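A quick write-up on the structure given underneath.
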Amino acid sequence: MLIRINQARHQLTWLVAMLLAGAWLLPTSFALAQSPAPAAASSTAAPPKPITTADIKSVSGPSAADQAKGDPGGTITGTVNDIPVSDTKAGLTLADVINTVGQNRIAINFVWTLITGYLVMFMQAGFAAVETGLCRAKNANHTFMMNFMVYGFGLFAYWVMGFALQQGGCAPNTNLGGLSPLNSEFTVNFLGGKPWGLFGQRGFFLSGHAYDVGIMVMFLFQMVFMDTAATIVTGAAAERWKFAAFAISSIFIAAITYPLYAN
């Protein structure tokens, strides 16, 4: 009984303390809420001065003598000296700096996209190893050859038409420079009159306007994923089909089946 009385006393004390704290904080919070907003900055402040070509020309980089001494800390590498100049007579201009910034951004995206694409490409070595290891010795050569040639058959079919059906309407993609030539998508209108894209119509054979550096990067990145889908069949049907059937299947998947679903 004494324990319960003490517990009740402590709970009552805690409740009273919370009520007192709330009674003290409420007026303070109300006063803060009603306090007037700080005065806006004076409109007489001088507007920011835009950067001009003259400002760019005043920036100097490390001298040739400093560069000849080496740069182990990386403090004098990647300076104004490393910005390409479009007109040597005019010297460095603001346009040169802006263009370099844009080119570096796209170049970094190119490099990262290619690296990730190559990593996915090396998945094929793992597929070949696991599928061959799960087969009988007499079919090891057949299974390994399928994993090797799925790139040959699949890449060819994807280059001819698969990429165009999948990515022919993916412009603009500003991460890789726009991909502006891939600007045509076959669509139908239903379900409320909204357009539904079915397949792309640009980029066949990577020819014409599709012969673009950004499109080539996108082609490699998307092609390796297409190949990982096409090689699923090589493992599922290992020891169960002929090489000719595999070749036809790979071409069909890369040209039509995968691109339509990927689109």
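Search the structure for amide H atoms under 5 Å from the amide H of Ala237, placed 1.01 Å from N in the peptide plane, and list their residues when 5 or more places away or on another chain.
The list, which skips near neighbours in sequence, is empty: none.
Grab the Cα-Cα distance for Leu191 and Phe225, subtract it from 0.36 nm times how many residues apart they are, and report the gain in nm with one decimal.
9.2 nm
Distance in nm between label sites at Ile98 and Phe144, each 7 Å beyond Cα in the beta-carbon direction?
Result for the modelled spin labels: 5.7 nm.
Any lysines with Cα under 28 Å of the Lys69 Cα? List them, leaving off those in the same chain fewer than 8 positions away.
Lys57
Just to be sure I understand the model, the point goes 7 Å from the Cα along the line to the Cβ. What's the resulting Leu198 to Lys69 distance in nm?
Placing both labels 7 Å along Cα→Cβ, they lie 7.0 nm apart.
Need the C-alpha centroid separation for segment 149-177 versus segment 67-120, integer Å.
After rounding, the separation between the Cα centres reads 29 Å.
Between Val160 and Asp82, what's the calculated FRET efficiency when r is the beta-carbon distance and R0 is 51 Å? Round to 0.05.
Efficiency, from the Cβ-Cβ distance: 0.80.
Return the long-range amide H neighbours of Gly178 (sequence gap of 5 or more, or a different chain), with a cut-off of under 5 Å between placed amide H atoms.
Long-range HN contacts for Gly178: Asn173.
Rounded, prolate or oblate: which fits segment 49-102, taking a ≥ b ≥ c as square roots of the Cα gyration tensor eigenvalues, rounded meaning a/c under 1.5, else prolate when a/b beats b/c?
Judged from the Cα gyration tensor, segment 49-102 comes out prolate (a/c at least 1.5, a/b above b/c).
If I take R0 = 25 Å and measure r between the Cβ atoms of Ile115 and Glu239 in this structure, what FRET efficiency does the formula 1/(1 + (r/R0)^6) give, to the nearest 0.05?
0.10
Kirkwood Rh, segment 172-262, all Cα pairs: how many Å?
15.3 Å
Give the residue list of trypsin sites (Lys or Arg not before Pro) in segment 180-262 that are DSSP loop and have at most 14 other beta-carbon atoms within 10 angstrom.
Arg240, Lys242
Starting from the Cα gyration tensor of segment 99-262, take the square roots of the eigenvalues, sort them a ≥ b ≥ c, and report rounded, prolate or oblate (rounded when a/c is under 1.5, otherwise prolate if a/b is larger than b/c, else oblate).
Judged from the Cα gyration tensor, segment 99-262 comes out oblate (a/c at least 1.5, b/c at or above a/b).
Only loop residues by DSSP count here, and only those with at most 13 other Cβ atoms within 10 Å; note down the chymotrypsin sites (Phe, Trp or Tyr not before Pro) in segment 143-245 that meet that.
Here the chymotrypsin sites (Phe, Trp or Tyr not before Pro) that fit, given the DSSP loop and packing criteria, are Tyr211.
FYI, it's all coordinate maths here, none of it is from the lab. Computed from a prediction, not measured in an experiment: that's the story for all the values here. Methodologically, a virtual Cβ is constructed for each residue, glycine included, from the backbone with ideal geometry; neighbour enumeration extends over all protein chains shown.
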